[in-house]
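Comments concern the structure below.
What follows draws every value from the coordinates through simple rules; no lab data is involved. Keep in mind it's a predicted model, so treat the numbers as computed, not measured. Here the Cβ positions follow ideal geometry from the backbone for every residue, glycine too, while neighbour counts run over all protein chains shown.
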Amino acid sequence: MSSTIVQRPRRAAAIRAKEGVQYNKRRREEQEANKVEKKQRKHKVKTESKPKPKKKRTKKATTSNDPNGTQQQQQNTLPNDNEQLPSPRVYELSVEIWEIILQDVCLSQLTTLAQVSRPMYSIVTYLPIWQHVWTTAGSLPPPTTRGKCRNHYQVVLKANQRVCEHCFQYCSKNGSTASLPLYVQEQKKEINLCRPCRQHYLLQYPEPDLPNTDDENDDDDDEEEEQRNYRHHHHRHHRTRITKGMAMTAFKLHEIDMDSIPYDSVRNPHYRSAAPMRLYERRDVHLYARRIHGGEVGIEAARSKSQSIVATRRKNAQERAKREEEERKSRREALESRFKELQLEQTYVHSKIFDYIQFNLGSIEECISTAQERLNRCNLLKTRMEATGYSFNPKSSHVIGFIFDSSSNDMETTIRLLTQEVIQKQEREERLVQLKTALKNHGLVYNENSALCRVFICGGTNSKGEKMTLENLVQTLIEYTWFCEHTVYSILKSPHSSHSEWIYENDTFVDHSSFSKWDALNQYLTGLVKKNQYQDIKKNENAKGRPPPSLWNQIEKMIPGILTKMGSDFVSVGFFSQPERVSSAIVVDPKHPEEFISDQQLWDIMDEGNAIAIKEQQEKEKEEGEEGTIKNQVTTPFSTTMKQIMNDSDYESFYLHARVALVKKIKDTYCNNALRQLPEAIDSFYEGCRVDPTLTYPIYNERKREFIEKRLPILSQEMNIHYSYLEALLQRTTPWSYSYNCNRYS
């Protein structure tokens with residue numbers, strides 16, 4: 001790379017340079033002569049003060065070749081050890097010649113050459129290249145009459161690290177756009193080049209290619225073959241492919257630069273609805289970054305600049321935070337000292353004080369004036385409230401609103417609101433005393449966490465919008481206590497209830513909707529009826545766990561249906577306890593169940609089923625190790641209990657419900673047993689339908705209808721089973737159903 005060709009100096013500049021060189025030469029000779037003369041005087045004084053030693057004989061210098069005696073005269077004038085060296089040969093060449101010699105030398109070499117000697121410094125300083133560099137750079141300051149920068153050479157020398165040695169442009173201080181050292185093959189040394197010059201040079205002389213990590217791994221002889229294969233196949237993509245953000249951060253590229261690099265679009269693994277993710281080859285990104293930043297030295301400079309910027313910002317933020325904290329501390333101390341001096345409270349000016357200390361908004365005098373004004377309003381309001389005979393609550397919202405903003409409510413309105421607030425507080429205290437007394441009379445304890453109690457004390461309404469009275473509250477709490485102690489109401493969640501009806505009671509959430517209450521009550525009554533322990537609640541006054549009177553009407557409405565359902569279940573249990581009853585029942589038409597079970601048989605079979613259920617419950621409690629709750633000496637039959645409670649109309653409902661449930665249970669039992677071993681005629685019909693490839697559902701339904709009309713009556717007579725049970729079996733399964741094929745192949 002050749003340096004920029006500059007113009008030859010003018011004649012006046014050459015004459016000035018030559019005169020300067022001659023002047024410096026004469027001045028240096030005078031200084032050397034003065035030093036020699038001074039040293040001779042010191043030597044003469046020492047020799048006179050000391051005794052003269054004996055002189056050694058020395059050979060006389062021959063002067064045959066010096067007839068004029070000039071050599072002897074020179075030896076007498078200057079001693080041998082201080083003999084002056086011959087003058088340098090710099091003076092033998094003119095400035096024009098030196099200019100021609102140094103025209104291909106770069107700036108860094110010229111600055112080094114200027115440090116060789118004073119004559120060379122003078123020659124290098126007066127070269128016109130320095131003025132050309134100063135003019136081309138444009139951002140350098142002009143030479144001054146005082147200081148160190150008195151000529152263009154000194155100005156350029158001061159900024160030599162930021163000047164490109166090829167185009168003489170003034171570069172930035174750091175980053176890839178700075179003047180960075182790059183090895184030039186033509187000059188065989190490193191010179192400072194700007195980014196465009198580095199890019200132009202690297203196009204002709206590219207940098208060495210990037211190393212291939214896979215080849216290095218394959219050439220590693222110390223690594224085992226299995227480990228090399230694992231790293232090659234499992235870590236290759238993690239090592240050579242990077243995302244867009246990682247590439248921009250690692251190689252300091254911009255958004256527009258990434259569009260010029262080839263990439264692969266893949267689905268975003270973190271957010272499925274996000275835009276596709278770009279994956280770049282690290283090698284491609286690295287080579288493109290070399291072209292953008294001007295080689296590896298440009299990439300490293302860009303990274304160093306980024307790190308320095310981050311460090312500078314962090315340092316500035318820390319210093320700024322420290323300075324602001326010191327300022328806040330000084331403002332706080334000054335404000336507290338002023339408030340302490342005036343003996344003022346900071347109760348009503350917290351926001352003003354916070355704004356002043358944290359953000360320096362306002363002043364101390366504004367905080368003081370605001371505090372005095374608000375304190376005067378508070379004292380005036382307190383005096384007026386004491387005059388009316390009511391207590392003053394400084395934490396009331398009305399008081400705080402009047403003190404902070406007197407325009408929202410005037411004095412009279414604020415006093416009226418405070419009076420109403422005091423009266424409401426007294427009423428709440430009276431309702432609390434009444435509630436505690438009423439609960440104590442009924443053997444209940446007041447619970448502060450009860451939402452119902454809080455609603456009553458505050459004079460609110462229930463979930464229906466009705467005004468809650470003391471009688472309703474006590475009744476509700478009595479019911480709630482009984483439900484929690486004797487039913488599963490606390491753990492029962494009704495699917496019909498909403499979250500708005502859930503209330504926090506006794507460290508748990510309880511559903512107060514009517515559905516959950518009646519579900520819990522239904523389970524409680526069902527358990528009593530199943531154990532045959534239900535008695536009339538109105539007559540049995542000393543019964544343990546007696547429901548409260550408010551639930552008696554609901555229990556009277558629910559108990560007939562529960563007795564009917566449980567009686568039907570006991571009938572089914574007692575009927576199936578003897579298999580011959582089932583065999584005789586499937587012969588009779590199920591539409592007339594009274595033919596195989598009469599009314600009296602229903603009562604008898606129901607008592608048998610009740611006895612079996614009680615026995616099973618006793619065995620279960622015995623296995624679990626619990627104390628039996630069912631007495632063995634139960635003498636009253638279940639039918640007797642039902643007759644005492646139910647009316648004549650309830651009997652007819654019981655007979656119908658029990659027989660329908662029994663017939664349904666018989667059909668289900670027969671079909672489940674028959675599926676294991678189908679009758680031969682039905683099995684042949686299913687097999688013929690199953691193997692027919694042209695069979696469709698309409699054709700199958702038609703064949704089944706014909707089979708039911710023609711073959712089923714004959715099959716019923718042959719098997720001695722009523723026609724309805726065989727028809728139910730055909731309706732229960734199909735040739736393609738899972739139950740039929742599972743039983744067929746198992």
- [ ] Express in nm, to one decimal, how much length is gained between S396 and R291 on full extension, taking 0.36 nm for each residue of separation and deducting their alpha carbon distance.
- [x] 30.5 nm
Open item on the list: Over 26 Å apart: what share of the alpha carbon pairs of region 273-429 falls there, rounded to a whole percent?
Closed with: 60
- [ ] Please turn the phi angles of region 431-438 into ³J(HN,Hα) values with the Karplus equation 6.51 cos²θ - 1.76 cosθ + 1.60 (θ = phi - 60°), one per residue in order, whole Hz, x for glycine and proline.
- [x] 5, 5, 5, 4, 5, 4, 5, 5
TODO: Give, as a single signed number, the net charge of other residues whose beta carbon lies under 15 Å from the beta carbon of L157, with Lys and Arg counted +1 and Asp and Glu -1.
DONE: +3
- [ ] Give, in nm to one decimal, the length gained when the segment between T461 and E616 is fully stretched (0.36 nm per residue of separation minus the Cα-Cα distance).
- [x] 50.9 nm
TODO: Using θ = phi - 60° and the Karplus relation 6.51 cos²θ - 1.76 cosθ + 1.60, list the HN-Hα couplings for region 262-279 in order, rounded to whole Hz, with x at every Gly or Pro.
DONE: x, 8, 10, 8, 10, 5, 5, x, 8, 10, 5, 8, 7, 5, x, 8, 9, 10
Task: Cross-link table K620/K667; K557/K622; K517/K538; K531/K565; K539/K620; K620/K664, entries beyond 23 Å C-alpha to C-alpha - done: K620/K667; K557/K622; K539/K620; K620/K664
Task: Vicinal HN-Hα couplings computed from phi for region 132-145 (Karplus, 6.51 cos²θ - 1.76 cosθ + 1.60; Hz; Gly/Pro x) - done: 5, 5, 4, 5, 5, 4, x, 9, 7, x, x, x, 10, 7
Open item on the list: Modelling each spin label as a point 7 Å along the Cα-to-Cβ direction, I'd like the L93/L375 distance in nm, to one decimal.
Closed with: 9.1
Task: Charged-residue dipole, Cβ positions (Lys, Arg, Asp, Glu), region 555-623 about Cα centre, Debye nearest 20 - done: 220
Task: region 275-305 versus region 554-600: alpha-carbon centroid distance in Å - done: 88
Task: At R0 = 41 Å, FRET efficiency that the Cβ-Cβ distance of D668 and H486 yields, to 0.05 - done: 0.70
TODO: Give me the number: length gained by fully extending R28 to Q554, i.e. 0.36 nm times residue separation minus the C-alpha to C-alpha distance, one decimal in nm.
DONE: 176.3 nm
TODO: For V184, list long-range residues whose amide hydrogen, built 1.01 Å from N in the peptide plane, is under 5 Å from its own amide hydrogen.
DONE: K189, E190, I191
TODO: Please sort by residue number the trypsin sites (Lys or Arg not before Pro) in region 114-205 whose DSSP state is loop and whose Cβ has at most 15 other Cβ atoms within 10 Å.
DONE: R146, K148, R150, K173, K188
Open item on the list: Which of rounded, prolate or oblate describes region 345-465 when judged by the alpha-carbon gyration tensor and an a/c cut-off of 1.5?
Closed with: prolate
Task: region 325-397 and region 668-720: distance between their alpha carbon centers, rounded to Å - done: 96
- [ ] Beta carbons within 10 angstrom, averaged per residue: use that to sort the peptides 431-441, 475-485, highest first.
- [x] 475-485, 431-441
